[in-house]
Amino acid sequence: MGYVCIMEKKIVAIDAASIPIDLLLAELHISAEHKQYEAIEAMYKEAIQIAKPVAIYAPFVPETQGDKISVNGIKIEDAFVYEMLKDRELVFPFVATCGEEIEAWSATFTNMFEQYAADALKEIFLDVANDAVFDEIQEKYFTAEKHIAKLNPGSLSEWPIQGQVPLFKMLGGADSVKNEIGVTLKDSMLMVPVKSVSGIAFASDTVYHNCQLCDKADCPSRVAPYEG
């Protein structure tokens, strides 16, 4: 099977003003009666005017060659990725971010509590952009019976963070991703804004999370138990 781009890259832009303050209050574990509420509300109102959460993805038919797999002509050498993707009809490399605008805004704060609140806002904007990508993929390409799963470079030792390089190439290269959604891939393989995430999404008959293969017991981001 040859690799095929089913359609051109898709940009998913989020209207930050549609994100309710309740998400921030929950993240900070405070109520509207909290003594810092007015300050938090002011930050929230400013942030939703500045923030431009965004994501990019593209659908591809993967090509298998022996025990290797290619996506958009870019070969992935890792055996784990091959095993996870070899029988998929479609795969979706993606990058989602809180946005470079809110990243710059957050750097203006020096007060520790304000920095904490700004970081929480960036996390929320990233989560909303990330969820929007998966919602769109689910709606456009799969039935409700399918689960959307994802692999992320660096989340597991089986696909080290160096997997960022081929992943960004699948989306046209680091310069293209930078120009389209403002995410910079550094030499360290980390992304800027820091509140960004990359990966390859795919449909699965069963629920899959990277957490199921990760034995880090104290991970605050764990969403599923370790299965060994």
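Here, each number is a calculation from the coordinates, and none is a lab measurement. Here the structure is a predicted model, which is why all the values come from computation and not from measurement. We place every Cβ from the backbone using ideal geometry, glycine too, and count neighbours over all the protein chains shown.
Points to keep in mind about this one:
- In region 13-145, Rg over Rh equals 1.13, where Rg is the alpha-carbon radius of gyration and Rh the Kirkwood radius from pairwise Cα distances.
- Remark: region 169-175, residue by residue, has Karplus-estimated 3J(HN,Hα) of 5, 4, 9, x, x, 4, 5 Hz, where x stands for each Gly or Pro and the curve is 6.51 cos²θ - 1.76 cosθ + 1.60 at θ = phi - 60°.
- Derived scalar couplings ³J(HN,Hα) [region 95-109; Karplus, 6.51 cos²θ - 1.76 cosθ + 1.60; whole Hz; x for Gly, Pro]: 9, 10, 8, 5, x, 5, 5, 6, 5, 5, 4, 5, 6, 7, 8
- Within the chain, longest stretch free of exposed GluC sites (Glu not before Pro) [DSSP loop, at most 11 other beta carbons within 10 Å]: 34-144
- 10 Å binning of all Cα-Cα separations within the chain, expressed as whole percents from 0 upward: 8, 30, 35, 20, 6, 1, 0
- Whichever aspartates and glutamates have a C-alpha closer than 19 Å to that of Lys45, once near sequence neighbours (fewer than 8 apart) are set aside: Asp15, Asp22, Glu27, Glu33, Glu100, Glu101, Glu103, Glu114, Asp119, Glu123, Asp127
- Computed about the Cα centre, the dipole magnitude for region 4-213 is approximately 520 debye when only Lys and Arg (+1) and Asp and Glu (-1) carry charge, each at its Cβ.
- Spatially, region 17-87 and region 104-133 are offset by 12 Å when compared through their Cα centroids.
- The relative contact order of the chain, computed from alpha carbon pairs under 8 Å that lie at least 6 residues apart in sequence, is 22 percent.
- Of the trypsin sites (Lys or Arg not before Pro) in region 51-141, the ones in a loop by DSSP (not H, G, I, E or B) with at most 12 other beta carbons within 10 Å are Lys86.
- Listed by chain and number, the lysines whose alpha-carbon sits under 16 Å from that of Lys150, ignoring those within fewer than 8 places in the same chain, are Lys86.
- Above-threshold pairs, the threshold being 22 Å between Cα atoms, out of Lys122/Lys178; Lys9/Lys75; Lys68/Lys146; Lys9/Lys52: Lys68/Lys146
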